[in-house]
Amino acid sequence: MDNEKTMRAMVIDTMYGGRKATKITDIPYPYCADNQIIIKIKACSICKHCEAFYDGGGSASMVKPQDYPITLGHEFSGEVVEIGRNVHNIKIRDRVTVDNTVLCGECYHCKRDEPLYCDNFGSMGHNLHGGFAEYVVALAEKAFLIPDNISYEEAACTEPVACCMHAMDRMQLRYGDNVAILGAGSMALILAQLVKHSSANHTVVIGSTQSKLDICKNQFGIDTLLMERSNYSIHEEKIKEQFPQGLDIVIDTTGSAEMANSALRMLGKGGKLIMYTQVDNMYIANPAQFTNYEQSIIMAYCQTHNYGRSIDAIKKGYVNLKPLITHEYSLEDYMEALDMNLTDRNSLKIIIHPEWKKGEKKVNI
Ligand SMILES: [Zn+2]
Ligand SMILES: [Zn+2]
């Protein structure tokens, strides 16, 4: 009976299969084990970087060929419709979001309380079925209740906030630090809000898309600087005027080696460059200055165990996600939504609604 029930989902059939192996199709409704819950998905957001990577024939490092076919989507929220018989923390009809990470609990790093370095690190929407579907099954212990003042759409974006929270932990910001964020995508605009509501003295976002800088300035009250992509000396000079001693922290979200070096030129003595992205072919143009001034580069990967603090930050308004949700689509229109996200420079977070009918769409900008 139950195992004959099916549901709609956005599935990739084979590893490195890319778009030609991707389809929106019927798959079996999930089985709920004793310690699990089944969630009716209300919102699942597109993680532009990850989803574009799969679409182009890539695959996350944690994924193995035997994990396929897989339903993508690691940023989701919904209503609980089934609970296993050992579940006590969650009830049917609860509004929840789920920490997407999968940790083995048994490896060297898990036992050292370093879960982010788990040798078997995994994630829903990568190697367990994710949220681009009508339903998803999850461990009850990974679920978090959504406060009343947070919408399903905002709650779906808890994961990117949690990743930014991890970057905050990594940068060890000191009271009175002056901080710049390079880039004005959704992660940059979340990081900027977290920095603004920290003990930083000054926060500035440096980006090349005016509409995104406008959101930052008008909605979040954060200073911005327009970056001229063909001439970095313009924003570097402006930073030098405002902060003659250089910045204490620069967070790069752009992933470009040239931008990373622009960041280093704006850093003061003892400054920290936080790499919130992977930079290929990174080089340090002036290693002597880098060494003598004890500057450092700190990497920030994703997150584990940061959902609670992230939900608190969203609930209190320290992170306002509403202006970042620019478009909403039905699951059937997933490809159109992804293409739009990749081509429209004004788009930020795109929410997919499995309950919506094909063609149903909302543009919030
Ligand atoms: Zn994500
Ligand atoms: Zn482990």
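Worth pointing out:
- Antiparallel bridge percentage (DSSP; both residues within segment 101-254; nearest 5): 10
- J(HN,Hα) series, segment 308-319, from Karplus relation 6.51 cos²θ - 1.76 cosθ + 1.60, nearest Hz, glycine and proline x: x, 5, 5, 4, 4, 5, 5, 4, 7, x, 5, 10
- Shown for segment 162-299: the carbon plus sulfur share of the solvent-accessible area, taken with all protein chains present and a 1.4 angstrom probe, equals 44%.
- Selected from THR203, THR254, THR343 as most flexible by GNM, with the chain as the system and alpha-carbon contacts under 10 Å: THR343
- With Cα atoms, 0 to 90° folded angle of helix 334-343 axis to the chain main axis: 10
- The chain, helix-only ellipticity at 222 nm - DSSP H runs n ≥ 4, -39,500 (n - 2.57), divided by all residues, nearest 500: -7500 deg cm²/dmol
- Between SER198 and ASN320, full extension at 0.36 nm per residue minus the direct alpha carbon distance yields a gain of 42.5 nm.
- Cα-only radius of gyration and Dmax that characterise the chain, units Å: 20.9, 70
- Taken per residue, the accessible surface of the chain reaches 46 Å², heavy atoms only and a 1.4 Å probe.
- Length released on extending from THR14 to ARG112, taking residue separation times 0.36 nm less the Cα-Cα span: 31.8 nm
- The modelled label-to-label distance for the pair GLN245/SER296, using points 7 Å beyond Cα in the direction of Cβ, is 1.9 nm.
- Helix axis angle, 186-196 relative to the chain longest principal axis, alpha carbon, degrees: 60
- Here the chain is scanned for GluC sites (Glu not before Pro) in DSSP loops (not H, G, I, E, B) that have at most 15 other Cβ atoms within 10 Å, and the longest stretch holding none of them is 107-227.
- In terms of overall dimensions, segment 258-365 has a Cα radius of gyration and Dmax of 19.7, 60 angstrom.
- Compared with the dominant Cα axis of the chain, that is its longest principal axis, helix 233-242 is turned about 70°.
- Rg ratio for segment 162-299: its Cα radius of gyration over 2.2 N^0.38 Å, N being its residue count, equals 0.95.
- Calculated P(r) of segment 71-147 - Cα pairs past 21 Å, %: 33
- Lysine pairs in segment 162-299 whose alpha-carbon atoms fall under 17 angstrom of each other, counting only those eight or more residues apart or on distinct chains, come to 4.
The values are calculated or read from the model by the stated rules, or taken from the named source; none is laboratory data. Just so it is clear, the structure is predicted and the values come from calculations on it, not from any experiment. Heads up, the Cβs are rebuilt from the backbone with ideal geometry, glycines too, and the neighbour counts pull from every protein chain shown. Ligands, DNA and RNA are excluded from the accessible area calculation, which covers all protein heavy atoms including side chains. Shrake-Rupley method; radii C 1.70, N 1.55, O 1.52, S 1.80 Å.
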